[in-house]
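Here's the structure we're looking at; comments come further down.
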Amino acid sequence: MAAGGLSMLRNILLLGAMLVVSAAAADKTIIYPKEFRANMPFSPGVLVGDTLYCAGQTGGDLETGKYPEKFEDEVHQTFKRIGLILKEAGLDFDDAVDVKVYLTDIANFQAMNGVYTQYFKKDRPTRTTVAVASLVGTARIEITVVAHK
C-alpha cells in the first residue's frame, strides 16, 4: 500500500476510535446515592449504557463511618451500600453479572458466603474472591459489582 493510502487508513481508524470514545463518554452517567458523602474522590457508581460499575464498597456505616463488630453485620452493611447504588441506577441484585470480594482474612470465607447467598439467590453472577493484606480503615471486606440491565 502506498504511503498516502496508509495515511488515509490511519486517519480513518483514528476517526473511528474517536467516535467510539465520544459515544461512550456521552453515555456515561455518574450514580451518586444521596446517602453517600459528597466529598469522596471517586464515584460510587458509573452507568455506561446498560452496564453499571460499582466502586468497591466496605461495611462502614454511611453516617458514622464505623464498622460493625460482627463480621456478618459488616458484610450485610457492605451489601446495603451496594444496594443503594444499584437502586439509584434502576437495578437490583438480580442484575449483577460480576462480583469481586476482597477479604482481609480468608477464614471469613464461609461467613461471607452465608451472607452473600442471601443477596444472590438464583442465576448468580460470576465471582472472584481474594485474600488481601489490608483494606481501608478497619474494613475486613470490600466488594465491587458490575451489573447489566
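Worth pointing out:
- Subset tally (residues that are free of Cβ contacts under 8 Å to residues at least 24 places away in the same chain and under 16 Å from the mean Cα position of the chain (by Cα)) for segment 53-82: 2
- Residue in segment 90-100 that is crowded, with 22+ Cβ neighbours inside 10 Å and touching a Gly at 6+ places or on another chain (Cβ under 6 Å) present: no
- Selection from segment 85-116 of residues that are closer than 17 Å to ALA147 by Cα and part of a helix (DSSP H, G or I): ILE85, LEU86, LYS87, GLU88, PHE93, ASP94, ASP95, TYR116
- Close pairs (6 angstrom Cβ cut-off, 6 or more residues apart or separate chains): assigned by TED's automatic domain parsing to the domain that holds VAL75 in segment 114-128, among the β-branched types (Val, Ile, Thr) and outside any strand (DSSP E or B) anywhere: VAL115/VAL75
- Applying the condition of being part of a loop (DSSP other than H, G, I, E, B), in contact with a Pro (Cβ under 9 Å, 6 or more places away or on another chain) and of a type outside the set (Phe, Trp, Tyr) to segment 35-59 and asking which residue is surrounded by the most Cβ atoms within 10 Å (Cβ to Cβ) yields GLY59.
- Failed condition for SER22, given (1) at pLDDT below 95; (2) more than 22 Å from SER134 (Cα to Cα); (3) within 21 Å of the chain's Cα centre (by Cα): (3)
Yes or no, residue by residue, for (1) at pLDDT below 95; (2) touching a His at 6+ places or on another chain (Cβ under 9 Å):
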| residue | (1), (2) |
| --- | --- |
| TYR32 | no, no |
| ASN39 | yes, no |
| PRO44 | no, no |
| TYR53 | no, no |
| TYR67 | no, no |
| GLY83 | no, no |
| LEU91 | no, yes |
| PHE109 | no, no |
| MET112 | no, no |
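- Hits in segment 117-149 (condition: outside any loop (DSSP other than H, G, I, E, B) and surrounded by fewer than 16 Cβ atoms within 10 Å (Cβ to Cβ)): THR117, GLN118, THR126, ARG127, THR128, VAL130, ALA131, HIS148
The values are calculated or read from the model by the stated rules, or taken from the named source; none is laboratory data. Since the structure is predicted, the reported quantities are computational estimates derived from the model, not experimental observations. In this analysis, Cβ positions are derived from the backbone assuming ideal geometry, glycine residues included, and neighbour counts consider all displayed protein chains.
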